[in-house]
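What follows is a short report on a single structure.
Please treat every number below as a calculation from the coordinates, not as lab data. All figures in this text were calculated on a predicted structure; none of them were measured in a lab. A quick note on method: Cβ atoms are made from the backbone with ideal geometry, for glycine too, and the neighbour counts reach across all protein chains shown.
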2 protein chains.
Amino acid sequence: MTDKNLQVLLRRRPQGAPVPEDFEVVETAIPTPGPGQVLVRAHFLSLDPYMRGRMSDAKSYAKPVALGAVMEGATVGEVVTSNDPSFKPGDVVMGGQGWQRFCVMDAARLRKVDTSVAPLSAYLGLLGMPGLTAWVGLEDIGTPKAGETVVVSAASGAVGQVVGQLAKARGCRVVGIAGGAAKCDFVVKELGFDACLDHRQPLDPQLDAACPDGIDVYWENVGGHVQEAVFPRFNDFGRMVMCGMIAQYNIAPGADAAGAPPGPNLGPVVRKRLRIQGFIVSDTGWGRYDAFLAEMTPLIAERRMRWREDVADGLAAAPRAFIGLLQGENFGKLVVRIG
Amino acid sequence: MTDKNLQVLLRRRPQGAPVPEDFEVVETAIPTPGPGQVLVRAHFLSLDPYMRGRMSDAKSYAKPVALGAVMEGATVGEVVTSNDPSFKPGDVVMGGQGWQRFCVMDAARLRKVDTSVAPLSAYLGLLGMPGLTAWVGLEDIGTPKAGETVVVSAASGAVGQVVGQLAKARGCRVVGIAGGAAKCDFVVKELGFDACLDHRQPLDPQLDAACPDGIDVYWENVGGHVQEAVFPRFNDFGRMVMCGMIAQYNIAPGADAAGAPPGPNLGPVVRKRLRIQGFIVSDTGWGRYDAFLAEMTPLIAERRMRWREDVADGLAAAPRAFIGLLQGENFGKLVVRIG
């Protein structure tokens, strides 16, 4: 067992797109768990777009990471030592925290996972926060009905993959939007979407062809020119699930800072009775994890729920991998194998 | 009894703001009811912003009025002759249709009204489509809770009056927005709102003062610079009830035509978990009229629900009154006394 902790700290707040110098990789002592706590060795770290918000001190739904503190992030790993009767060394768990090799967690914040359902790293994606995000947003806002057309942006990403496959399982026509031919091919051939459009090519003719009956549900992960092309195509009673707008995170990290581009005129919201609603998975999601898992487990077993991961190797590679994530360079759910 | 019908027809489709020449007033024969039908003599005609949409052939939720056809609109009046056992001459009814003195209606579309609850003309406003609109939008989207701050645009108008008083009755802090000191005075002193802001003066300092705890519910009747000032002030989980955007009806009657100004950047919808939702009262409202009336009747009796009407005299005055409505010239619910 390594006798040092390895951590990635936030060194300074990015101006625009983050650069490697905004982070600092340090070796520190392995922390010691207190009463009711557990020491976890992380095997995988999740990298997700929301982390860009935490690097900024603009007002948001969660506190920013302090300068000099460990970057925030979810990990999965195994229990090293436990001061709580519900965990023992060797238990495989989700719920670890931070861009670091070792973390100390309150036992109540950890959850044992079953790696016979899916491999460990999948509990950061498919069966972790991104998958749960997909499920909650569809349950609470998207409410797709069989026969409806569901459009999913960032379709090959961690959340988009699950959104589309859940909607397919519920009988919808599912159209993804992704960047480049390779991702689009994957979304159709591997994930089984009905179509996938390349947002680097003109979207209007592609949407005309792929959504002849208009759009009932749009899953918004990106904003920008994709939102602009999709918005006029809503059918009456359409739902726009506002999960994220990654296209503007580097210009407006708080997502409403000055400099954010204008949005669509809201007149059609009245005429078409649209519902545009945002949500954050942590508000109500974790309390509903069992219901989520109950829907996902058979779909995974039947191979109707597939996924792709993009694995960066070693914690020191995390900053560059995260910077790439914000540019759409990852292909599938981005995780770091901590090693 | 007058032996001629008087009607206002749509003569041509307006370019921008309607002008009197877009309408034509004609005398025609009184129509004859068929089996199951009723001849109604209208006493009052309602004038409402939605009618601007019907004058245009841009795509909307309802068909446009055909050129040369009678303008669409709700009336209240009395039964003249009836070929249906549920109505008899002299019955006072709501549900009449058209900018005209006489109309023939299927009996199923009429409803007897009780003028001891409120005077006949109130069944075009407070207890008609506008009042029902207020109630449905609050029930389904606004869902105001005691202690929350509710902001209502076009607060002295037909819908806004009822929205604010219903929200007050439910224990909210209610802030109106209206045009000019006279309307604002009325909204506070007569209707009992906590404050009313003049949208002809700079709104930001007024909103700072009137909404120190932010905004939980915004009732959108207007769009434009009022929407722009209100939108950044939403609290987490805020609801924006999209009832109308009258500020742009003359530039974009279909409410999404080219030329409509951009809307707010939607980033805060994610971060604050906002819900922006449109509705049309006719979708589900009339089937719930009894529940609406049950909440309104005691409020009216206790004088906790007041209202103001702006009455234009004579059907020939309807075109100019309607043109003024789109400019905010009316003060209270605009109706025409047909005479």
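Brief remarks follow.
- Rg to Rh, two decimals, where the protein assembly as shown supplies the alpha carbon set and Rh follows Kirkwood: 1.06
- For the range A:150-156, putting each phi into the Karplus relation 6.51 cos²θ - 1.76 cosθ + 1.60 with θ = phi - 60° gives couplings of 10, 10, 10, 7, 6, 5, 8 Hz, in residue order, rounded to whole numbers and with x for Gly and Pro.
- Across the identical copies, the 7 Å label point of A:Val311, projected outward along Cα→Cβ, sits 8.1 nm from its counterparts, in ascending order.
- With a threshold of 25 Å on the Cα-Cα distance, the over-threshold entries among B:Lys168/B:Lys189; A:Lys145/A:Lys272; A:Lys112/A:Lys189; A:Lys4/A:Lys88; A:Lys59/A:Lys333 are A:Lys112/A:Lys189; A:Lys59/A:Lys333.
- Taking the convex hull of Cα positions in the range B:1-98, its mean projected area over all directions (nm²): 7.1 nm²
- FRET efficiency estimate (nearest 0.05) - Cβ-Cβ, B:Arg320 to B:Val92, R0 25 angstrom: 0.35
- Put the Cα centre of the range A:1-25 next to the Cα centre of the range A:154-179 and the gap is 32 Å.
- Once Rg and the Kirkwood radius are both taken over the C-alpha atoms of the range A:129-284, their ratio Rg/Rh works out to 0.93.
- Ranked by how many other Cβ atoms sit within 10 Å of their own Cβ, fewest first, the residues B:Lys168, A:Lys4 fall in the order A:Lys4, B:Lys168.
- Here is how the number arises for chain B: DSSP H runs of 4 or more residues each give -39500 (n - 2.57), the sum is divided by the residue count, and the result at 222 nm is -6500 deg cm²/dmol.
- Pseudo-label separations to other copies for A:Arg109 - Cα-to-Cβ vector, 7 Å, nm: 6.3
- Here is the short version for chain B: B:Cys103, B:Cys172, B:Cys211, B:Cys243 have no other Cys C-beta closer than 4.7 Å.
- The range B:129-284 - share of DSSP beta bridges that are antiparallel (%, nearest 5): 0 percent
- Estimated inter-spin distance, B:Ala146 and A:Glu302, nm [label 7 Å along Cα→Cβ]: 4.8 nm
- Once the Cβ-Cβ distance of B:Asp204 and B:Arg13 is raised to the sixth power relative to R0 = 35 Å, the FRET efficiency obtained is 0.40.
- Exposure proxy ranking for B:Lys183, A:Lys333, based on other Cβ atoms within 10 angstrom of each Cβ and starting from the fewest, stands as B:Lys183, A:Lys333.
- Taking every alpha-carbon pair within the range A:160-210, the share separated by more than 12 Å comes to 58 percent.
- Projected area, mean over directions - chain B, Cα convex hull, nm²: 16.6 nm²
- Dividing the convex hull volume of the alpha carbon atoms of the range A:47-111 by its residue count gives 97 Å³ per residue.
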